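Structure first, commentary second.
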Amino acid sequence: MLLQEMRKTALQVFFVLLTIGAFAFLAPSPAAAQPKGEPIKIGWIAELSGTWSFFGATGLTAAQIAEEEINAKGGVLGRPLQVVPMDNRTDPAQAASAARMLDTQHKVLTFSGPTSSDTALAVYGYAEQNQVPFVVPVAAFPRLTRPGTQWTFRVEPDAVGWGYAIVKFVEKMKPGASIALIYSDFALQRAIVAGIKYQAERSGIKIATDIIFPQNATDATVQAAQVKSKNPDFVFVSGGGAFDVTLTNQILDLGIKPEQIIHPFGAVKMILGWGQRSVGSYYGTFFDHSLGGLNDYGKGLISKFTKRAGYIPAYIENFCYATVYLIKEALEKAGTADRTKFRDAMRNINTKEVTTGIPMVFDKNGARKEYMYFLQMKEVGKDTYQSKEAFYIEWDPEVIPVYQLAP
Amino acid sequence: MIFRRAAVVGLVLLALLLPFLLSANRFYAFILGVTYLYVLWSSGMNLLSGFTGLMPLMYAGLAGIGAYTSVNLVMKFGVSFWLAMPAGALAAAVVGVVLGLPSLRLRGFYFTLSGLVIQTALTMLFVYIPQFTGGDTGISQIPPPMISLPGDKSFALTGVWLEEALAVAALLTVYVVHRVTRSTWGKYLVAIREDDLLTEALGIGVTRYRVLAFFISSLFAGVGGAFYAHYMGFVSPRSFDVLTSMNIWLIVGFGGQGTILGPIVGTIILAPIPYIMQELYLYKDIVYGSLIVFTTIFLPRGVYGSVLFHRRNRALSRSSAQGKTEAARL
Amino acid sequence: MTLENILLNGMAVITTGLIVGAIFSLVAAGVTIMYGTIWFPNASNGQFFMLAALLMWSLVVNWGLSPFLGAVVVIVGSIPFSLVLEKFLVRPFYNVPNRNIVYFIMTLGLAQIFAGAFTGTYGRWSDQFSLPAAWPGAILLGPFPFPRTRLLVLVIALTLLAGLFVFLRLHRVGRALRAVFQNREAAILRGVDVRRIYRFSFVLAMLVITMGGVLFAMAYGFDLTMAWTMAIIGFAIMIVGGPGSVLGSVVIGMIFGFTQAVVSLFASPTLAAFSYLVVMLIILLVKPSGLFAR
């Protein structure tokens, strides 16, 4: 069965590659009602090899589902929409040169794609310097929309804001509570913690302890014991990569209850990794198949993506999918595939995320009006899980000084 | 003799013309630019690994020092690239010698390992001093080199002109390395590589020449680093980590250590692969790795090195009847 | 600090240091045997470690095997795999003078092949992999709950290390191995078939690394970055302990393990990471043959 599944994955990858190859070298494919004409290109710079290639690849799949749907319904402005993927090898320098190549060689309308903040920032530098629109689907660094940004738009709420949301959530659950922080030393986690600490002071939430792990840590038992000794009401748990599962397990091993644990974000594989013993824990997210109120697009994404990739999509895939639709809408509003007009349309757009109906509006720096769900895990199986909404919050990107907290 | 001279001149002219020939296709022009950069880097490293027999794994870290120095001088202090780049090279060379000095006494593999440790430390340093390096997220929007013209104007070297500058830099590097190896102390370096104990016994300061080789090699690392930064427009600590050092060293080893053309051949074959295989990103690592394994087993002297070796063998058997040898040919 | 807290933290430190140290020691022992005997510095040892862990994951999570059966399959399966590798990649160079450099480059290439293969297959399936607990539940050491799986891993790891030690000191083949490491010519004179010893030590080293990978998968979650991390740790321990010295690997491995376990109690993570590097460098410069060299 393993071989079959691996072959299946390999086959799917092969098919994705074949499709990419076909789109990259040939004109649009032989389906019925295909729009004709010069395609409008989105330069999709993603982490397709290297350390975090899983996220780049999964986002690309979702983007391609959106692309196919749009083209099946006539494309945009009567022309086909083309997602041009380019690998950045999870390396910022590669991302910068991918940006340059997509701009000068493929003459794309806009960039999109990065799921990682450091690669996104590299593309940001190029985009702002060379006046190319850049719609970032999944990368949470505030710096992507620092004041003065002209061409970049960030779809995912910023990481410092997540920290703000976490404190608001804790405040609602138990005013005056204490929260222990235990996390890995990555820029993303540092940004979230900066937000937590800032808002905790203002909300009367106490920080019980603050423990950071180096990037290649293996074992967290000792630190988990430290957390347990402090008897906090809640524990903020966020490891980097697989260490997150180890960290979570070891915190639970020491006797912290699942209901005390708050994870800042939950991608599907992470939730499945936390497993049945984490039932009762909370995690933040922006899209989840357990959420009620999903419309047809949302449900469609879930079923199509699950069929194509073999696992359920979560917020990363959703943002990539929704971003492609957002670009389409902005294009229609602009009326022409001109970079400046497209950018202006994005600035003035007032629409909803195609899968969930959550508002999509951007401020003068390209930061989106932000939101977050907190879900509680109810049940975890081998391939699927169920969670329940526990809290929802919306906020303005500059509700706290995010640009100072994560320079 | 004349044929060889003509061939060299022809190749130099080709190298200078290529940026213009390819300038319409930015993709290929970019690959060309990257190739020139790696020719520069690998020739510089060849001086150390090929001719002195040391495998310097901290090379990329030194390149990073050159890059960050140049970038900081240009972006924070408005210094011209043409001053900042040599400053960066010098910084790299000084750091290289200071860090490398203690380990120069070590033999073979231990020197390699100490280089690995120093490289890891340098990459970590780059991450943890964001005031100079922008940390993990790097420095973007690095301006291209400017040439000041009379009348208070300046001309930015971008596109084809920057590739041309890279071509010139690469050619100069190859030339310098060539002259060094031909010189007396170039020959000392080879003697040290072959048998350092004997060389020491003959009264030639082994460590002194190693340090010199290290200094010059690190200079080129820094030059390349500065050019890299202003060519790519973006640097991050990941650009200068162990894998980069190893890639450069692989190019040298693959092409043929200890020969002048070896690194050039190696660069031309290996450097474009990640870019040409961009679409087939899943396979590029496998292809790259397989090439290396293949070369280790079947072409242990590197591609060009093997060519030279066979040519020499044939020449030897041909001329042995007359009692001549070409043993001193490098 | 209450007594309960002291016990809690104390037991945590001891058990964690032992487990992490034991796994580090296994990896380092494998690396040092390979380098000490055959002069084979294996830059892809981290990839083999991860291959063992990934295969464990496939067998247990996808095929539903019990972790014990899975472990046996992977470990036993490593033997034919090692034999094939030895025949085609290692043996051709036995008589080459600078073979350590050759091996190093070659294994760098090999590591890249594996990395690419993993990214394209496992890396598309998930960003992280973890196994269900092999032995659920925990025993209480005072106030400290010690998960049974970790106890199991610890016992097995320490037993393996002890077994390796005994083998090298007392068994005929083990002593031949050490003889070859110390002095190849003398070993030949004493009638040792050096080539067979090389083959044996390669397979043994790979076996030890595989065991380390299997145990790691049982105790922790892992992702694709682990390969390179473990490779560096393995080399670091080998350098400090002394190439070829299994005793050195174990002692230094344990020290590294304990340091990792407690570092965040006393110092910032940056400082910790830097301190490893500084120690390695000092050893290289002052006593390159390592602390436990013969």
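The values are calculated or read from the model by the stated rules, or taken from the named source; none is laboratory data. Predicted model only: the values in this text are computed from it and were never measured. Note that each Cβ is placed from the backbone with ideal geometry, even for glycine, and that neighbours are counted across all protein chains shown. What goes into the accessible areas is simple: the full protein's heavy atoms, side chains included, and nothing from ligands, DNA or RNA. Shrake-Rupley method; radii C 1.70, N 1.55, O 1.52, S 1.80 Å.
Structure data summary
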quantity: Residue tally, condition touching a residue at least 24 places away in the same chain (Cβ under 8 Å), crowded, with 19+ Cβ neighbours inside 10 Å and over 15 Å from C:S249 (Cβ atoms), over segment C:155-183; calculated: 1
quantity: Residue satisfying all of: in segment A:74-106; more than 10 Å from chain B (Cβ to nearest Cβ) and open to solvent by 30 Å² or more (accessible area, probe 1.4 Å); farthest from the chain's Cα centre (by Cα) among these; calculated: A:G78
quantity: Residue identified as of a type outside the set (K, R) and modelled with pLDDT under 50 among A:G50, A:G21, A:G56; calculated: A:G21
quantity: Residues (farther than 17 Å from A:T285 by Cα and basic (K, R)) located in segment A:364-391; calculated: A:K364, A:K382
quantity: In segment B:24-41, residue surrounded by the most Cβ atoms within 10 Å (Cβ to Cβ) [restricted to those that are more than 11 Å from chain A (Cβ to nearest Cβ) and hydroxyl-bearing (S, T, Y)]; calculated: B:Y36
quantity: Options C:S126, C:S130; residue that is in contact with a helix residue (DSSP H, G or I) (Cβ under 8 Å, 6 or more places away or on another chain), free of Cβ contacts under 8 Å to residues at least 60 places away in the same chain and of a type in the set (G, A, S); calculated: C:S126
quantity: Flag if A:S116 is modelled with pLDDT under 95 and within 23 Å of A:Q129 (Cα to Cα); calculated: yes
quantity: Options C:G123, C:G64; residue that is within 11 Å of another protein chain (Cβ to nearest Cβ) and open to solvent by less than 20 Å² (accessible area, probe 1.4 Å); calculated: C:G123
quantity: Odd one out for C:R99 among (1) open to solvent by 50 Å² or more (accessible area, probe 1.4 Å); (2) within 14 Å of chain B (Cβ to nearest Cβ); (3) touching a residue at least 12 places away in the same chain (Cβ under 8 Å); calculated: (1)
quantity: Members of segment A:107-117 that are open to solvent by 10 Å² or more (accessible area, probe 1.4 Å) and out of contact with any Phe, Trp or Tyr (no Cβ under 8 Å at 6 or more places or on another chain); calculated: A:K107
quantity: Only listed residue being assigned to a helix (DSSP H, G or I), in contact (Cβ under 8 Å) with a residue 12 or more places away in the chain and open to solvent by 10 Å² or more (accessible area, probe 1.4 Å), chosen from B:A87, B:A92; calculated: B:A87
quantity: Residue match in segment C:14-32 (condition: touching a helix residue (DSSP H, G or I) at 6+ places or on another chain (Cβ under 7 Å), open to solvent by 20 Å² or more (accessible area, probe 1.4 Å) and within 11 Å of chain A (Cβ to nearest Cβ)); calculated: yes
quantity: Close pairs from segment A:230-259: first in the same structural domain as A:K197 (by TED's automatic domain parsing) and among the aromatic types (F, W, Y), partner part of a helix (DSSP H, G or I) and open to solvent by less than 20 Å² (accessible area, probe 1.4 Å), Cβ under 7 Å, at least 6 apart; calculated: A:F234/A:V170; A:F236/A:I166; A:F236/A:I196
quantity: Selection from segment A:302-337 of residues that are free of Cβ contacts under 8 Å to residues at least 60 places away in the same chain and assigned to a loop (DSSP other than H, G, I, E, B); calculated: A:A314
quantity: Some residue of segment A:192-203 being within 13 Å of chain C (Cβ to nearest Cβ) and either more than 23 Å from C:Q128 (Cα to Cα) or outside any loop (DSSP other than H, G, I, E, B) (or both); calculated: no
quantity: Residue among A:A122, A:A62, A:A127 that is open to solvent by less than 10 Å² (accessible area, probe 1.4 Å), assigned to a helix (DSSP H, G or I) and facing chain B (nearest Cβ under 9 Å); calculated: A:A122
quantity: Sole exception among (1) open to solvent by 40 Å² or more (accessible area, probe 1.4 Å); (2) among the charged types (D, E, K, R); (3) within 30 Å of C:L65 (Cα to Cα) for C:D223, by number; calculated: (1)
quantity: Odd one out for A:V135, checked against (1) open to solvent by less than 10 Å² (accessible area, probe 1.4 Å); (2) at pLDDT below 95; calculated: (2)
quantity: Yes/no for A:A225 being within 22 Å of A:M372 (Cβ to Cβ), in a helix (DSSP H, G or I), not assigned by TED's automatic domain parsing to the domain that holds A:T355 and not charged (D, E, K, R); calculated: no
quantity: Qualifying residues in segment B:158-196 (those that are under 17 Å from the mean Cα position of the chain (by Cα) and hydroxyl-bearing (S, T, Y)) - the one surrounded by the fewest Cβ atoms within 10 Å (Cβ to Cβ); calculated: B:Y175
quantity: Residue that is most open to solvent (accessible area, probe 1.4 Å) [pool: residues in segment B:197-217 that are farther than 22 Å from B:A91 by Cβ and β-branched (V, I, T)]; calculated: B:T207
quantity: Pick from segment C:191-231, criterion away from every other protein chain (no Cβ under 12 Å) and part of a loop (DSSP other than H, G, I, E, B), ranking: modelled with the highest pLDDT; calculated: C:D193
quantity: Residue within segment C:131-139 that is in contact with a Gly (Cβ under 8 Å, 6 or more places away or on another chain), open to solvent by less than 30 Å² (accessible area, probe 1.4 Å) and within 12 Å of chain A (Cβ to nearest Cβ) present; calculated: no
quantity: Sole residue being touching a strand residue (DSSP E or B) at 6+ places or on another chain (Cβ under 9 Å) and either modelled with pLDDT of 85 or more or outside any helix (DSSP H, G or I) (or both), chosen from B:I204, B:I142; calculated: B:I142
quantity: Condition broken by A:D288, with the remaining ones in (1) in a helix (DSSP H, G or I); (2) of a type in the set (D, E, K, R); (3) crowded, with 18+ Cβ neighbours inside 10 Å satisfied; calculated: (1)
quantity: Within segment B:252-288, considering residues that are over 20 Å from A:T51 (Cβ atoms) and open to solvent by 50 Å² or more (accessible area, probe 1.4 Å), the one nearest to the other protein chains (Cβ to nearest Cβ); calculated: B:E279
quantity: Candidates C:W57, C:W39, filtered to the one that is on the phi > 0 side of the Ramachandran plot, open to solvent by 10 Å² or more (accessible area, probe 1.4 Å) and either in contact with a helix residue (DSSP H, G or I) (Cβ under 9 Å, 6 or more places away or on another chain) or at pLDDT below 95 (or both); calculated: C:W39
quantity: Hey, A:R277 within 13 Å of chain C (Cβ to nearest Cβ), closer than 19 Å to A:T115 by Cβ, open to solvent by 10 Å² or more (accessible area, probe 1.4 Å) and among the charged types (D, E, K, R) or not; calculated: no
